[in-house]
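We did not get these values from a lab; they are worked out from the coordinates using the rules stated. Please read all numbers here as calculations on a predicted model, not as lab measurements. Neighbour counts are summed over all protein chains in view; Cβ atoms, including those assigned to glycine, are modelled from backbone coordinates with ideal geometry.
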Amino acid sequence: MSMFSAPAADAPESSPLPVRKKAVAFPGTTLTEERFFLVLAVFIGIFAGLAVVCFRLSIEWTSIALLGPTPEAHTLRVLLAPALVGLLIAALVIHVFPQVRGSGVNQTKAALYIFNGYIPFRTAVGKFITAALAIGSGQSLGPEDPSLQIGASLAWALGRRMKFSREKVRLLAPVGAAAGLAAAFNAPISAVLFVIEEVIGRWSAGILGSVVLSAISSVVIVRWFLGAQPLFRIPPLTGVHPSELIAYAVLGIAGGLAAAIFASGVAYLRPRLRALPRATLYFQPALAGLIIGLIGYYGAPQIMGAGYQAMDQAMHDQFTWQMLAILAGLKILATTLSFVSGTPGGMFAPTLFIGAMLGGAVGGVERHFYPHLTGTTGTYALVGMGVLFAGFLRAPMTSVFMVLEVSGDYSIIVPVILANAFAYVIARSLQPIPIFDLLTRQDGLELPSLEEQREETILRVEDAMRPPPVPILDSAATVQEANQQIELSPESVFLVRLRPTGWGSIARDSLKRFASEGKMEMTLGSLLPPQRLPYLHPDYPLEMALRHVHQTPLVPVLSRADFLKLEGVVSSDDVLNKYQVPAT
Amino acid sequence: MSRPAVVIAWLTVLAVMGFAAVTRLSNRFNEQQKALARHLYERGLAEQQAGQPEKAVEHFRAALSYDHDNFQYQLSLARALRDTGRTGEAETYLVSLWERSPQDGAVNLALGRLAEREGQLDKTIQYYHNAIYGVWPSDPDQKRFNAWFELIDFLLRQNAKPQAQAELITLSASLPHRPELELRVADLFMRAQDYSNAFLAYQRVLQGDHGEPQALAGAGEAAFHLARYRTAARYLSAAEAQNPEDSQSAQTLEISKTILAVDPFGRGVSAGERLRRIRSIFEEGGKRIDACATSSVNPNPGTNPPAVSPLKANWLDMKKKLARLGPNGESGLADEVMDLILQIEQQTESCGATPQDQALLLLAQNRAGVEQ
């Protein structure tokens with residue numbers, strides 16, 4: 001759809017460019033489905049925002065109740081709360097909400113591609129309860145991915161009875177997902193990008209409009225209730241001298257390695273733990289919680305929960321680089337354990353945490369050896385967040401915009417892009433399958449890998465087209481003239497240039513027949529039917545040609561600059577032959 | 001009504017209901033959070049007062065995490081952070097507060113102190129001025145004056161005396177008649193070496209309380225620095241009577257009295273007495289040279305021992321001249337004697353100075369300006 005462009009002013013009447021679908025009245029009203037869906041997207045955003053506000057309040061309440069207002073090392077509740085609550089979570093996941101394991105991103109993607117967007121409301125309720133308990137009790141997980149799934153589930157619940165077309169019904173989940181994620185992150189642009197980049201995988205005006213509307217409305221709701229301040233304070237950032245980009249490239253490399261280690265840990269442990277006897281599922285979250293509790297008890301309570309406060313501290317130089325490196329390592333361990341044990345909760349916040357700590361640590365080491373570097377710990381931590389996001393979640397666009405949106409500072413875009421590119425390439429070479437694709441495959445599902453899709457070679461019309469058959473006839477020519485022109489040609493079908501614009505075609509047999517019927521002096525224009533041939537441009541995907549080649553033996557391929565200039569033609573055989581040969 | 005309109009109406013109703021429910025929940029949550037924040041803040045305050053800024057930082061931070069926008073918590077956290085040396089983070093908080101309320105006196109004062117700690121002179125002065133002319137919710141005058149005093153103290157520590165004097169003059173002009181403030185201003189004038197304004201300020205205090213010992217001592221010191229030794233002696237005597245423990249005043253008084261006793265140019269001193277005093281001063285100068293020459297140990301390590309031989313030669317020359325001088329001798333010779341005394345006292349300063357020496361030095365320096 002996005003591949004269509006607006007027709008030129010002199011585009012032939014038979015243009016295949018259905019730029020805007022004809023508005024179909026929604027049953028019982030003049031409101032089109034498209035517009036009604038946009039209205040619904042706003043409501044989805046509002047309800048998702050309200051749900052996420054409640055979710056965040058629940059996490060806070062749980063955390064205060066279980067860990068105390070200021071979780072401190074060497075306190076018994078820090079040691080025991082994650083383990084004891086882990087037992088409860090396991091029981092809930094096994095007996096009440098079996099669909100709530102994991103982060104929520106894969107499940108939303110699976111809903112989109114397998115279940116026509118359907119995510120049971122029960123899943124949203126279960127995710128809400130279990131993830132709030134898990135994060136609030138100190139499991140090393142974040143609230144963003146569950147919010148995404150809660151939003152998607154709410155969207156389905158709201159839109160299921162609306163009698164939308166299948167295409168729109170499928171869109172409900174991503175629209176809700178964007179709203180949920182935007183509300184959790186307080187960052188609408190990143191949420192929209194993530195959903196489009198990782199969940200939907202394609203751009204179109206229709207999708208973008210509804211996703212943006214839902215994301216914006218949910219963020220407005222969250223800011224209404226929880227304030228507009230970001231999840232962590234951004235310190236004043238310093239401009240980056242070009243020579244310092246090397247330092248950020250090193251951070252990108254370190255981030256790529258860390259992301260690969262993190263992803264490999266999850267990929268290795270998850271199937272093995274799930275393969276253990278069913279009885280162990282009751283204890284896996286508790287065991288993970290106990291290990292996390294021990295880490296917290298013995299001096300690093302910062303790694304518990306989502307960890308936004310620790311990120312804030314890291315960005316304000318609260319820790320030495322050694323401590324930052326330790327926290328990054330412990331968080332990888334803790335998050336891996338929490339996640340593979342089947343505890344519901346997200347990976348976004350831990351990824352940002354690891355990135356911030358790693359960034360701060362790498363920056364600290366670099367400044368130790370090269371004191372002239374001007375980047376503050378905050379700058380490195382912020383770039384580090386983007387690096388892990390790009391390397392671990394493999395959302396390169398989102399990672400860049402996320403850092404810009406969170407920091408509100410455009411000056412660090414160059415180091416962010418550079419470091420993210422390094423991290424992305426390194427992580428991809430070490431762990432070829434992105435983490436979310438890997439998880440869905442471990443679950444026995446085969447969802448489209450958007451990273452793979454991005455890199456697939458697209459066949460275009462120009463790959464299949466061939467030179468037009470000569471001669472090209474003109475609509476002003478008479479039947480007699482046309483017969484004379486085609487006399488020496490071996491072709492059986494000829495293209496006719498119509499006036500003022502457009503193309504038609506005529507078969508050799510038809511010309512002969514017109515001649516035998518005594519229409520020798522009549523022009524081709526007067527004899528041909530008024531409908532123009534559909535046409536293509538060379539850069540169109542080849543699938544576009546498939547829609548037209550069955551209607552006419554030859555489809556003209558026209559220059560975008562001059563609709564009377566014929567670049568070539570394609571026929572049904574040309575297209576099919578091309579699909580059998582690898583594209584060059 | 002068409003079906004979509006009904007649906008939209010229903011969704012609106014549901015949204016309003018949801019909004020109301022979440023508002024209630026959120027209000028309750030906020031109340032609890034604020035109460036918790038207040039509790040943590042108070043713990044932080046107690047720890048700060050107990051000299052535990054590190055712990056205070058943790059509790060202020062926790063308080064702020066439960067009440068994000070609280071101005072007072074942010075300010076206290078910033079102050080505690082500054083006290084623990086984390087100036088960068090303190091600045092982040094303070095700048096954020098300043099952006100919210102650029103006229104706030106407390107924020108500007110904290111930023112001024114932070115800039116002072118970081119040695120940024122211009123910024124310090126700018127923030128202190130903002131604080132002085134800023135908004136203070138309670139007891140604004142006292143807080144403004146305190147900020148002003150801090151600024152002056154800072155300037156004096158930076159040895160920026162002209163700026164300090166300018167601030168002090170402005171401050172004293174806007175000061176209400178409160179002896180404790182005037183006394184403070186007078187002390188600062190003294191530190192700024194603006195003795196005439198200091199003397200006036202002390203006098204203002206004494207107008208309200210004639211026996212205020214600190215003002216008496218201060219006025220005496222100021223008069224002493226203005227070479228008004230008679231006035232100085234009067235105030236210092238009164239100060240000593242009020243506070244016999246005040247050794248500084250006692251010493252200054254002694255010097256003042258010595259000056260008045262030996263001053264050959266004093267009012268009502270007869271010609272014979274003047275000559276006697278000049279000779280006496282001259283003899284003291286000779287003793288000073290001898291004492292310094294025979295001193296085996298340089299009392300001021302790190303300085304070169306004075307070369308006394310040329311001084312002695314000059315002194316002997318002068319002795320011959322003085323021997324020829326009759327009771328009505330020319331005043332020019334008296335000046336020459338005083339010049340020599342000044343030279344002797346200055347060059348033998350490293351041998352250590354007795355109150356007598358200090359008196360002679362001052363007398364020689366200020367012979368024309370000594371109060372008659």
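Observations on the model:
- Folded to 0 to 90 degrees: helix B:309-324 orientation relative to chain B principal axis, Cα: 50 degrees
- Global form of segment B:31-97, assessed from the alpha-carbon gyration tensor, a/c cut-off 1.5: oblate
- Simple Cβ-charge dipole of the protein assembly as shown, Lys/Arg +1 and Asp/Glu -1, about Cα centre, in debye nearest 20: 2340 debye
- Segment A:461-580 gives an Rg/Rh value of 0.98, both radii derived from C-alpha positions and Rh following Kirkwood.
- Counting Lys and Arg as +1 and Asp and Glu as -1 over every other residue whose Cβ lies under 9 Å from the Cβ of A:Leu459, the net charge comes to 0.
- Cut-off of 10 Å, at most 15 other beta carbons, DSSP loop: longest stretch of chain A lacking such trypsin sites (Lys or Arg not before Pro): A:203-559
- Of the residues B:Leu362, B:Leu94, B:Leu14, the one that moves most in a GNM of chain B with alpha-carbon contacts below 10 Å is B:Leu14.
- Among A:Val414, A:Met323, A:Ile433 - extreme Cα towards positive end, dipole of segment A:242-449, charges at beta-carbon: A:Ile433
- Among the GluC sites (Glu not before Pro) in segment B:237-286, those located in a DSSP loop and surrounded by at most 11 other Cβ atoms within 10 Å of their own Cβ are B:Glu245.
- Loop-resident sites, segment B:39-80, for chymotrypsin sites (Phe, Trp or Tyr not before Pro), counting at most 16 other Cβ within 10 Å (DSSP): none
- Charge tally for B:Ala250 (other residues, Cβ to Cβ under 13 Å; Lys, Arg +1; Asp, Glu -1): -4.
- Candidate lysines - alpha carbon under 19 Å from B:Lys312, same-chain residues fewer than 8 apart omitted: B:Lys287, B:Lys320, B:Lys321
- Spacing of the modelled spin labels on A:Gln229 and B:Met17, each 7 Å from Cα toward Cβ, amounts to 3.5 nm.
- Overall form of segment A:215-281 per C-alpha gyration tensor (a/c, 1.5; a/b vs b/c): oblate
- Neighbourhood charge, 13 Å Cβ-Cβ cut-off, centred on B:Ala56 and excluding it, Lys, Arg +1 and Asp, Glu -1: +1
- The Cα atoms of chain B give a gyration tensor whose axes a ≥ b ≥ c have a/c of 1.5 or more with a/b greater than b/c, which makes the shape prolate.
- More than 19 angstrom apart: percent of Cα pairs within segment A:338-438: 43 percent
- Both radii come from the Cα set of segment A:242-449: Rg as radius of gyration, Rh as Kirkwood radius; their ratio Rg/Rh reads 0.99.
- Whichever lysines have a C-alpha closer than 24 Å to that of B:Lys34, once near sequence neighbours (fewer than 8 apart) are set aside: B:Lys55
- Within chain A, longest stretch free of exposed GluC sites (Glu not before Pro) [DSSP loop, at most 16 other beta carbons within 10 Å]: A:73-445
- Applying the criteria of a DSSP loop state and at most 14 other Cβ atoms within 10 Å to the chymotrypsin sites (Phe, Trp or Tyr not before Pro) of segment A:266-310 yields A:Tyr298.
- Principal axis analysis of the Cα atoms in the protein assembly as shown yields extents of 162, 75, 59 Å, listed in decreasing size.
- Among the cysteines of the protein assembly as shown, those with no neighbouring cysteine Cβ under 4.7 Å are A:Cys54.
- Fewest-first sequence of A:Thr457, B:Thr87, A:Thr336 by Cβ atoms within 10 Å of each Cβ: A:Thr457, B:Thr87, A:Thr336
- Calculated [θ] (222 nm, deg cm²/dmol) that DSSP helices of n ≥ 4 give over the protein assembly as shown, each run adding -39,500 (n - 2.57): -21500 deg cm²/dmol
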